[in-house]
1. Test Q27 against the criterion of being in contact (Cβ under 8 Å) with a residue 12 or more places away in the chain and of a type in the set (S, T, N, Q), and give yes or no.
2. For E52, indicate whether it is surrounded by 20 or more Cβ atoms within 10 Å (Cβ to Cβ), charged (D, E, K, R) and in the same structural domain as Q125 (by TED's automatic domain parsing).
3. Considering (1) modelled with pLDDT under 95; (2) under 27 Å from P127 (Cβ atoms), say which one S43 fails and leave the rest.
4. Condition test on L6, is it crowded, with 20+ Cβ neighbours inside 10 Å and modelled with pLDDT under 95?
5. Examine the range 105-117 for a residue that is part of a helix (DSSP H, G or I), among the basic types (K, R) and modelled with pLDDT of 95 or more, and state whether such a residue exists.
6. Listed residues F123, F145; which is out of contact with any helix residue (DSSP H, G or I) (no Cβ under 7 Å at 6 or more places or on another chain) and of a type outside the set (G, A, S)?
7. Do we have any residue at all in the range 183-191 that's touching a Lys or Arg at 6+ places or on another chain (Cβ under 7 Å), under 25 Å from S65 (Cα atoms) and at pLDDT below 85?
Amino acid sequence: MIDKWLALIEGERLSRSESSIVKKFSQDPEGKYFLQFSDVLKSHGKTNESLELLIEGVGRHPSFSVARVLLSKNLLEKGLIDEAWQNLEESPVSLDTNKLAQKLKIKLSILLGLEDICRNLLFEQKPSSDSEVISIKQDIVNLGFDTARIKLIESLELDKEFILKNFTPSKVKKLHQSDSSISSESTQGSDKSDQDDIEISPTQQSTNNSDPATFNNFRLSNLSNAFTDEADTSLNQNFASSSLSSMTLASIYARQGHYGKALGIYRQLLLEKPHSKVLQEKIEELSRLDQKQAISDIGVDPELADELERMKEIDYKISILNSLMSKLDSDQ
């Protein structure tokens, strides 16, 4: 997996500090230098690959709060507001004292339509001295929550129609309950050694350095360019075993229309949690979408397509049974 990341910056002109980061990452690819290396990728225009590396790294180091918060910041920049929120909510360590995390949660709660949570963050907790947060607070007081929400959506150049239609408190609650039911089945440990004990490069320390242009041409309803083809490679085992990072990437792939890749991740998770109804429902939904996409591409007769779908489901169930039998045999 390391060769993939290093290959991305091969031939690039690196500064002395960047070369040092690349060297440290190559020496310890499973460590926490993925965070600094992702910043190197981003600085050389590899923003999509940088995001994928962050997702993978947070999956390996779930308690590394600096990386987790920066991942949510990047997800927000891509318009993935529900994934950004869920990533913060799934932190095994408290983010209450992390100013950037709290600022992101305020923005995300507004975008998701979670007014009660937003008001709690703004009015019932310790007042923030951040000028942007103060401005948001004033907008809610003077304009009301709904108008302030629209203003924020427009300022971030997100798809207003899509967000207002798809993110209501009831829908968001249902969505996150489904995702959390998968995460709660996992037994990821919380290692305090993952705390923020790594030096962050100057570009990562800034909380106000995002270029508004990064939001242009990215719409929640059209993420076909979220990852380049070069980044769409198979996951390593460490990454696939993390339900949080796997769910996040699967969600991104599904929104891209890469249903087959999303299905691969969900099916891997189902092998680990074969009784998860949530995973089974997601697989069934994506299987239908994947089949419809295939039909559209090759123009198959609808009746034949239905029969192919039934055969595909039977084959998949057989593969699950075979995997379970193999596991039982190995345990004996």
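The values are calculated or read from the model by the stated rules, or taken from the named source; none is laboratory data. Nothing here was measured: the structure is a model prediction, and the numbers come from that model. In this analysis, Cβ positions are derived from the backbone assuming ideal geometry, glycine residues included, and neighbour counts consider all displayed protein chains.
1. In short, no.
2. yes
3. Failing condition for S43: (2).
4. no
5. Scanning the range 105-117 turns up at least one residue that is part of a helix (DSSP H, G or I), among the basic types (K, R) and modelled with pLDDT of 95 or more.
6. So the residue among F123, F145 that is out of contact with any helix residue (DSSP H, G or I) (no Cβ under 7 Å at 6 or more places or on another chain) and of a type outside the set (G, A, S) is F123.
7. There is at least one residue in the range 183-191 that is touching a Lys or Arg at 6+ places or on another chain (Cβ under 7 Å), under 25 Å from S65 (Cα atoms) and at pLDDT below 85.
Yes/no per residue for (1) within 17 Å of T248 (Cα to Cα); (2) not in a helix (DSSP H, G or I):
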{"site": "L14", "(1), (2)": "no, yes"}
{"site": "S19", "(1), (2)": "no, no"}
{"site": "K32", "(1), (2)": "no, yes"}
{"site": "E56", "(1), (2)": "yes, no"}
